[in-house]
Amino acid sequence: MALDTSKSLRNKMMYQVFVRNFSEEGTFKQVENKLRDIKDLGTDIVWLMPIHPIGKAKRKGTLGSPYAISDYRSVNPEFGTLDDFISLADAIHSYGMKCIIDVVYNHTSPDSVLSKEHPEWFYHREDGSFGNRVGDWSDIIDLDYNNRELWDYQIDTLKYWAKYVDGFRCDVAPLIPIEFWMKAREEVSKVRPDCIWLSESVEPGFILYMRGRGLTALSDSEIFRAFDISYDYDCYKSFCESVKDGSLDDYVKDINRQEYIYPDNYVKLRFLENHDVTRAAFLIPDKRLLRTWTAFMFFQKGMALVYNGQERGLTHLPSLFDKDTIQWTSDESTDLSALIKGLSEIKHNDIFTDSVYEIRSVKDEFIVATHTNTCKKAVGVFPVKNTSSCVEVPLEDGYYTDLISGDKTEVFRGLISCKGEPIIIIK
């Protein structure tokens, strides 16, 4: 783990914005106009997906993936000007939130500035042509970090953007040598001492696939040497299986394992959805269950992520490659805004910054989770199979306030009556 990572990151909420599809206009200005709504959700950190120009060569779709970048040192003119971006970053700060941007350093578009000016900085096939190491990423070409000049260029670029933003979400960071990220962290701290570093870690199967081909693929344990926060992909597969009426056992084991395989100050990005995975409301169509899993996500140890549109319970995942504006008032929507705002307020309680965390399955129908430290205890009961029952909880008999509903609830003979809705108690 980065030695100076603050545990306070665990009680924060991050909101992810896809600028192109966030509004019909798809501009920085329109994001700025909606910052009050984003702040009102309880957001602490705004993550902007890639803000840079997109390559034209081998584009996927009509507009191309924002992760096929042509120039790291400028902004996508479709979104606005550099001044527009700076205005957005300043406005985010004026609302008391922090701003991070996407860093896509494993690859560029085939027609990028760097491919023309420094072709020697790229991976080449045996015939000398540009290529990439992952076959289905046909719209990009890979950089080669054996070139130390590339390190200097990339770090200088980070230092430039760090004048305006508070951190970076680093795309497929495990495919780049950890030594580069450690050096980048050290150098960027000279410009932004409290810079936030979020790694898009990758699923276990992908790590094994890449290593089997003799390629760099960092585990979460390695990633934590340079990053403050890593994705929750090490348990995402078992989460999906448990949602699809599978057993909770594997998911519970995966979560509990994190407590002893990672350093004491590890921070996980807890999510139900992001731009790469199925919308939560599609995966969990039952509205009451969606509320339960949302509550559990916020209760978990780590930072909570909300992807734009999630607060409306939308089921359609916007395309990465085309104009596909979020339908904020869609008939399919379920307004989760008030729930998310309330959960964010609960999340800000200091018990979630420093605790021993444990979850257990009850009858394969409930998750009972606890945060414990020397001063406080937080207990959550989550009926993840839409079941009502009495559930054993580690609380003394008496009356407590359920922080989600605001209602009084009784613990009697070590049991609490759960009527199909999530419960959170802090004592």
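The values are calculated or read from the model by the stated rules, or taken from the named source; none is laboratory data. Predicted, not measured: the structure shown is a model, and the values here were computed from it. Cβ sites come from the backbone with ideal geometry, for glycine too, and all protein chains shown count toward neighbours. Calculation scope for accessible area: heavy atoms of the full protein, side chains included, ligands and nucleic acids excluded. Shrake-Rupley method; radii C 1.70, N 1.55, O 1.52, S 1.80 Å.
Here are the numbers for this structure:
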item: Relative contact order of the chain, defined on C-alpha pairs under 8 angstrom at six or more residues apart (%); result: 16 percent
item: Most to least packed among 234-246, 304-316, 324-336, 285-297 [average Cβ atoms within 10 Å]; result: 304-316, 285-297, 234-246, 324-336
item: Under-5 Å amide H pairs with Val103, H placed in peptide plane, nonlocal only; result: Arg169, Cys170, Asp171
item: Label-point separation, Ser417 to Asp364 (7 Å along Cα→Cβ), nm; result: 2.8 nm
item: Rounded to the nearest 10 Å², the accessible area of Glu24 at probe 1.4 Å; result: 130 Å²
item: Charge dipole magnitude, Cβ of K and R +1, D and E -1 - the chain, Cα centre, debye nearest 20; result: 520 debye
item: Region 350-427 and region 59-83: distance between their alpha carbon centers, rounded to Å; result: 46 Å
item: Per-residue ³J(HN,Hα) for region 303-309, Karplus 6.51 cos²θ - 1.76 cosθ + 1.60, θ = phi - 60°, Hz, x for Gly and Pro; result: 7, 8, 10, 10, 8, 3, x
item: Å² of accessible area per residue within the chain, as computed with a 1.4 Å probe and no ligands counted; result: 40 Å²
item: Other-chain or far-sequence residues with amide H under 5 Å of Val267's (modelled H); result: Ser230
item: Difference of contour (0.36 nm per residue) and Cα-Cα distance, Val191 to Glu117; result: 24.0 nm
item: By accessible area with a 1.4 Å probe, ligands and nucleic acids excluded, highest first: order of Thr401, Thr353; result: Thr401, Thr353
item: Carbon/sulfur fraction of accessible area - region 285-427, other protein chains in place, 1.4 Å, %; result: 50 percent
item: For the chain, alpha-carbon Rg over 2.2 N^0.38 Å; result: 0.99
item: When each of Lys34/Lys376; Lys39/Lys385; Lys7/Lys190; Lys7/Lys253; Lys253/Lys408; Lys12/Lys56 is checked by Cα-Cα distance, pairs over 28 Å; result: Lys34/Lys376; Lys39/Lys385; Lys253/Lys408; Lys12/Lys56
item: Under 5 Å, built H, 5+ apart or other chain: amide partners of Ala57; result: Asp111
item: Share, in percent, of DSSP beta bridges within the chain that are antiparallel, nearest 5; result: 55 percent
item: Hydrodynamic radius (Kirkwood) for region 238-344, which is based on Cα pairs only, to one decimal in Å; result: 15.0 Å
